[in-house]
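Structure record follows, encoded as structure tokens.
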Amino acid sequence: HTKNTGRNGHHFFQKSMNANAHNQLQLLNDLRAAIDHKELRLHYQPKFVAPHGPVCGFEALLRWERHGVTLTPDVFLPLAEKTGLIIPIGEWVLNEACRQLHQWHLEGHPDWTVAVNISALQFEQPNLLEKVMEIIEYHQIPPAMITLEVTETTAMRDPENSVNILERLTQYGVKASIDDFGTGYSSLLYLKRLPASELKIDGAFINELIAGSEDASIVQAIIALGKTLKLNIVAEGVETAQQQNFLTEMGCNTLQGYLLGRPMTPAQIAAKPDSEWQAHPANNKSS
Ligand code: C2E
Ligand code: MG
Ligand code: MG
Ligand code: MG
């Protein structure tokens, strides 16, 4: 009897494993075709000067329109990274973000900038600088209007090499931002040497941020560290007016989060009146 249950259990387990492997394979096949089928999209989330604006740039966030469903990166990026598909996808992202930025500049927003997330594999490609230069020159954008966001974890995988890569990129003129800061294991010695201009505090520290909390002390310490290194400090995942005010008091320069603006399609951005992107006088932003 026990043996039977065991067998059935085993059988069931194998079936569900197969179903899962099948789904992943299907996902991979579809993802391979996604660029050609024009199913990839970029949404853009605004970054605001603390506390109420104006907008100082947008972060490009990848979406995949698959069978009428909008997928976020957590569903497909790990697979893209594992299989190397992130390389052509990442190139598409950079090209599309630059195309969009050029368009915004023509449409009367000459001061807008765009930030693009760079994956670990992409960051380690020997020809990353060449690709970046080629795309930026094609779209005729000042390199300083492009920020490359690299996570702390990626930057610290091989810190000596990262210093090298970022030095070449920033000498060309693009900006570098250390993303998801606080979740990796930074060597302060290398952090000091990284030619980044911005540090983004991971949303995990902002979620439950209230005065006097442990998170508040950590955020305060990160801000102090960033200021010492003369970095612009961005908080991601700002969802409440309390967090907005508190982060501003603590000296955070830039705020990003659902409170101030969700990731939006270019059409949604164009539909907003220009005043939406200007400074707001009081705590009156609620969408
Ligand atoms: P990230 O770069 O740290 O981006 C922030 C994520 O937090 C985004 O999720 C954004 O939609 C979400 N977010 C923004 N404000 C809030 C908020 O107030 N509350 C909460 N709960 N979440 C907020 P998303 O778009 O799903 O992207 C997830 C991650 O995927 C990104 O984290 C980034 O690491 C990666 N990613 C996104 N687009 C690309 C891309 O084009 N290339 C690469 N390599 N990675 C990308
Ligand atoms: Mg980012
Ligand atoms: Mg981040
Ligand atoms: Mg994050």
Of the residues ALA224, ALA97, ALA21, which exhibits the maximal mean-square fluctuation in a Gaussian network model of the chain defined by a 10 Å Cα contact cut-off?
ALA21
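If DNA, RNA and ligands are ignored and the probe is 1.4 Å, what is the ranking of HIS67, HIS22, HIS280 by accessible area, most exposed first?
On the way: HIS67 145, HIS22 110, HIS280 35 Å².
Ranked from most to least accessible, the order is HIS67, HIS22, HIS280.
Loop only by DSSP, 14 or fewer other Cβ within 10 Å of the Cβ. Give me the trypsin sites (Lys or Arg not before Pro) in the stretch 38-85 that pass, ordered by residue number.
Details: sites: LYS38, ARG41, LYS47, ARG63, ARG66, LYS82; in loops: LYS38.
Here the sparse-neighbourhood loop sites are LYS38.
Sum -39500 (n - 2.57) across every DSSP H segment of at least 4 residues in the chain, then divide by the residue count to get the 222 nm mean residue ellipticity, nearest 500. Present the calculation step by step, with values, prior to reporting the outcome.
Working: 11 runs with 136 residues, N = 287.
Value at 222 nm, helices only: -15000 deg cm²/dmol.
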Specify the angular offset, from 0 to 90 degrees and rounded to the nearest 10, of the alpha carbon long axis of helix 159-172 from the longest principal axis of the alpha carbons in the chain.
50
Any chance you could give the angle, 0 to 90 degrees and rounded to 10, that helix 241-250 forms with the longest Cα principal axis of the chain?
60
Given a 1.4 Å probe and every protein chain left where it sits, what share in percent of the accessible area of the chain is carbon and sulfur?
54
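At a threshold of 8 angstrom on Cα-Cα distance, excluding pairs fewer than six apart, so keeping six or more, what relative contact order does the stretch 65-218 reach in percent?
This gives 17 percent for the stretch 65-218.
What does DSSP give for the chain in terms of the percent of beta bridges that are antiparallel, rounded to the nearest 5?
Values: 15 of 36 bridges.
Percentage antiparallel, nearest 5: 40.
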Accessible area of TYR190 in the full protein assembly, 1.4 Å probe (Å², nearest 10):
60
In nm, to one decimal, how far is the ALA19 label point from the LYS227 one, both placed 7 Å along Cα→Cβ?
5.5
What shape does the stretch 57-214 have by the C-alpha gyration tensor, where a ≥ b ≥ c are the square roots of the eigenvalues, rounded means a/c under 1.5, and otherwise prolate means a/b greater than b/c and oblate the rest?
rounded
How much of TRP277 can a 1.4 Å solvent probe reach, expressed as accessible area in Å² and rounded to 10?
10
Helix 2-34 versus the longest principal axis of the chain: what is the Cα-based angle in degrees, 0 to 90, to the nearest 10?
50
Longer than 29 Å from Cα to Cα, which of LYS47/LYS227; LYS38/LYS230; LYS227/LYS272; LYS131/LYS227 are they? Say none if no pair is.
LYS38/LYS230; LYS227/LYS272; LYS131/LYS227
How much area per residue is accessible in the chain when the probe is 1.4 Å and only protein heavy atoms are counted (Å²)?
51
Accessible area of THR153, 1.4 Å probe, to the nearest 10 Å²?
80
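The values are calculated or read from the model by the stated rules, or taken from the named source; none is laboratory data. Everything quoted here is computed from the prediction, not taken from an experiment. As a convention, Cβ positions derive from the backbone with ideal geometry for all residues, glycine included, and neighbour counts pool all protein chains shown. Quick note on the areas: whole protein, heavy atoms, side chains included, nothing else; ligands and nucleic acids left out. Shrake-Rupley method; radii C 1.70, N 1.55, O 1.52, S 1.80 Å.
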